[in-house]
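This report concerns only the one structure given below.
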Amino acid sequence: MTEKKKSGTKVVKWEEEATTLTLPKSKLVITQGDNLGKEYVIEKSTIRVGSLPDSDLTIDDETVSRNHLEIRKEKDGYVLKDLGSTNGTFINGTKVKEAYLHSGSLIKIGKTEVKFVPQDEEIEIYPSKKTKFGNIIGKSLPMRKIFGILERIASTDVTVVIQGETGSGKEVVARALHNSSKRSQKPFIVFDCSAVAPNLIESELFGHEKGSFTGAHATRLGAFELANSGTIFLDEIGELNLDLQPKLLRALEQRTIKKIGSASPMHVDVRVIAATNKNLEEEVRKGRFREDLYYRLSVVHVHIPPLRERKEDITYLIDHFINQYNKKLDEKEKPIKGIEQDALSILDNYDWPGNVRELKNAIDRAITFCQTDVITPNDLPERIMFQLSSSDMEILPVSDSMDFKEARNRWIERFEKDYLIKLLKKNNLNISKAAKDAGIDRKSIQRLLKKYNLTPKEM
């Protein structure tokens, strides 16, 4: 693949080809009424039209209702929906409640006529040259591709779904988007859909009026109202039950919420970023997630790869965590200079089921246990040092009369000896092969053999 320029031809590696991103964009042209000929370009998936000043297209016309209509982008195109207006909505002369729009469709509302022209942008986004976006760190190609997308959409209000495993940094991405947006000085509200009891989610999301149900002793603001003018981050959106999904859909489409016990809706101006560790398309197919809500949320979809698929970022992340630690030290405290190669090899060989969060916890723990100014293998958590699975972590029998330190040492000694014997037998008693298999150096194997008075010939 090549990228043409006036000055010549730039060669682009195949693996760094552009990601195509489609962003919603529409042009509305006044063809009849006040402001004749004026054009409005709106980069949103849902456009609200009415006489309200905070509408996306405000029409100062006494025959236009406050919330007259909305235009929303769906899977198969743009759909216009009349919002119960007093005088109705007409497309090309026909009165409609809801209908698909085509390029050039003429929309008549009151005394005003508007021409609709979709101008969705297909943008080629190349991997960023930067190795961080906000507090997100990574120099691997998958991460730089994500940075390229985030750099492009941060300043917009498009709704984003972030998909990734537990610990991959979904909330960090959401915060970075908010902090790089025009809403950065406004609230960033986190709502974890998996952490609230099902019978309380509606109240927590949308709020309630005093006395609206047993125990509602005072009016409560919901997450959407708290996030007004800022960003709401809906974590684990795949856990939201089906009964509440239509109400969330309404909030996204109309930017209005209704508190429990309230008779009137409230307008909210929020950017929505959602996150999930589930495959939402699969959830839609299984009937556990509404298709219309999925498409409303997934204007832009960002997938964060697990750490095991971008191990070249591990060293870079470790340096970052160590630098963060050193910056917090006072003059009397000794900084950490780095990490031994043996310890780094162990970390590179680990699968990181907990992703970046687990790596950070491991480095924080290693720094705590570090006796010098360099992290060594012995400073690492045992499960990582010896590449343990969760089933391997069953606690070996220890006496309840032992103190913690003695019990811990007994467990480690028992495991080290068993692991060493199994490792050497697996590698035909070859110390070099065993060291490579375990991700440690020969000296570490020899040290353990000496510690437990073992020789390969005796096994």
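Select from region 90-145 the residues that are out of contact with any Leu (no Cβ under 7 Å at 6 or more places or on another chain), open to solvent by less than 20 Å² (accessible area, probe 1.4 Å) and assigned to a loop (DSSP other than H, G, I, E, B) and list them in ascending order. Within region 90-145, SER128, GLY138, SER140 qualify. Checking each residue in region 20-51 for being crowded, with 16+ Cβ neighbours inside 10 Å and more than 28 Å from LYS75 (Cβ to Cβ) picks out ILE30, GLY33, SER51.
Look through region 152-166, keep the residues that are of a type in the set (S, T, N, Q) and open to solvent by less than 40 Å² (accessible area, probe 1.4 Å), and return whichever of them is nearest to LYS129 (Cα to Cα). If you could, list the steps in order and put the result at the bottom.
Start the filter on region 152-166 by keeping residues that are of a type in the set (S, T, N, Q), which leaves 155-156, 159, 163, 166.
Those still in the list that are open to solvent by less than 40 Å² (accessible area, probe 1.4 Å) too: 156, 159, 163.
Values: THR156: 21, THR159: 25, GLN163: 23 Å.
Filtering first and then ranking leaves THR156.
Listed conditions (1) closer than 20 Å to HIS267 by Cβ; (2) open to solvent by 20 Å² or more (accessible area, probe 1.4 Å); (3) within 20 Å of the chain's Cα centre (by Cα) are all met by LEU226, apart from (3).
The set of residues in region 170-181 that are open to solvent by 20 Å² or more (accessible area, probe 1.4 Å) and either of a type in the set (D, E, K, R) or touching a helix residue (DSSP H, G or I) at 6+ places or on another chain (Cβ under 6 Å) (or both) comprises GLU171, ARG175. The test for being at pLDDT 85 or above and either over 22 Å from ARG447 (Cα atoms) or part of a helix (DSSP H, G or I) (or both) holds for LEU359. Within region 322-344, restricting attention to residues that are open to solvent by 80 Å² or more (accessible area, probe 1.4 Å) and assigned to a loop (DSSP other than H, G, I, E, B), which residue is nearest to ARG442 (Cα to Cα)? If we take residues in region 322-344 being open to solvent by 80 Å² or more (accessible area, probe 1.4 Å) and assigned to a loop (DSSP other than H, G, I, E, B), then LYS337 is nearest to ARG442 (Cα to Cα).
Each row is one residue, and each column tells you yes or no for (1) modelled with pLDDT under 95; (2) open to solvent by 10 Å² or more (accessible area, probe 1.4 Å).
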{"position": "GLY222", "(1), (2)": "yes, no"}
{"position": "ARG250", "(1), (2)": "yes, yes"}
{"position": "GLY261", "(1), (2)": "yes, yes"}
{"position": "GLU282", "(1), (2)": "yes, yes"}
{"position": "TYR295", "(1), (2)": "yes, yes"}
{"position": "ASP313", "(1), (2)": "no, no"}
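Listed by first and then second residue, the pairs linking a residue in region 224-244 that is touching a residue at least 60 places away in the same chain (Cβ under 8 Å) to a residue that is among the small types (Gly, Ala, Ser) and open to solvent by less than 40 Å² (accessible area, probe 1.4 Å), with Cβ atoms under 6 Å apart and 6 or more places separating them unless they lie on different chains, are PHE233/ALA174; ASP235/ALA275; ILE237/ALA274. For region 182-199, which positions are assigned to a loop (DSSP other than H, G, I, E, B), at pLDDT 95 or above and in contact with a helix residue (DSSP H, G or I) (Cβ under 9 Å, 6 or more places away or on another chain)? Hits for region 182-199 are SER184, LYS186, PRO187.
Table: residues versus (1) under 30 Å from GLU122 (Cα atoms); (2) touching a helix residue (DSSP H, G or I) at 6+ places or on another chain (Cβ under 6 Å); (3) at pLDDT 95 or above; (4) part of a loop (DSSP other than H, G, I, E, B).
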site	(1), (2), (3), (4)
THR31	yes, no, yes, no
LEU36	yes, no, no, yes
LYS44	yes, no, no, yes
LEU52	no, no, no, yes
SER55	yes, no, no, yes
GLU62	no, no, no, yes
ARG66	no, no, no, yes
GLU70	yes, no, no, no
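Suppose the filter is in a helix (DSSP H, G or I), of a type in the set (Asp, Glu) and farther than 25 Å from PRO246 by Cβ; does GLU204 pass it? Spelling it out, it is not the case that GLU204 is in a helix (DSSP H, G or I), of a type in the set (Asp, Glu) and farther than 25 Å from PRO246 by Cβ. Applying the set (1) out of contact with any helix residue (DSSP H, G or I) (no Cβ under 7 Å at 6 or more places or on another chain); (2) exposed (fewer than 15 other Cβ atoms within 10 Å of the Cβ) to VAL299 leaves exactly one unmet item: (2).
Yes/no matrix, rows are residues, columns are (1) surrounded by 15 or more Cβ atoms within 10 Å (Cβ to Cβ); (2) modelled with pLDDT of 80 or more:
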site: ILE346; (1), (2): yes, yes
site: GLY354; (1), (2): yes, yes
site: PHE369; (1), (2): no, yes
site: ARG410; (1), (2): yes, no
site: PHE415; (1), (2): yes, no
site: ASN430; (1), (2): no, yes
site: LYS450; (1), (2): no, yes
site: LEU454; (1), (2): yes, yes
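When GLU406 is tested against (1) open to solvent by 50 Å² or more (accessible area, probe 1.4 Å); (2) modelled with pLDDT under 75; (3) outside any helix (DSSP H, G or I), only condition (3) is not met.
Only one of these is crowded, with 17+ Cβ neighbours inside 10 Å and in contact with a Phe, Trp or Tyr (Cβ under 9 Å, 6 or more places away or on another chain): ILE149, ILE189. Name it.
ILE189
Evaluated against (1) touching a residue at least 12 places away in the same chain (Cβ under 8 Å); (2) open to solvent by less than 60 Å² (accessible area, probe 1.4 Å), PRO198 falls short on exactly one condition, (2).
The values are calculated or read from the model by the stated rules, or taken from the named source; none is laboratory data. No experiment lies behind these values; they were computed from the predicted model shown. With ideal geometry, Cβ positions are generated from the backbone for all residues, glycine too; neighbour counts draw on all protein chains shown. Heads up: the accessible areas ignore ligands, DNA and RNA and are worked out on the full protein's heavy atoms, side chains in. Shrake-Rupley method; radii C 1.70, N 1.55, O 1.52, S 1.80 Å.
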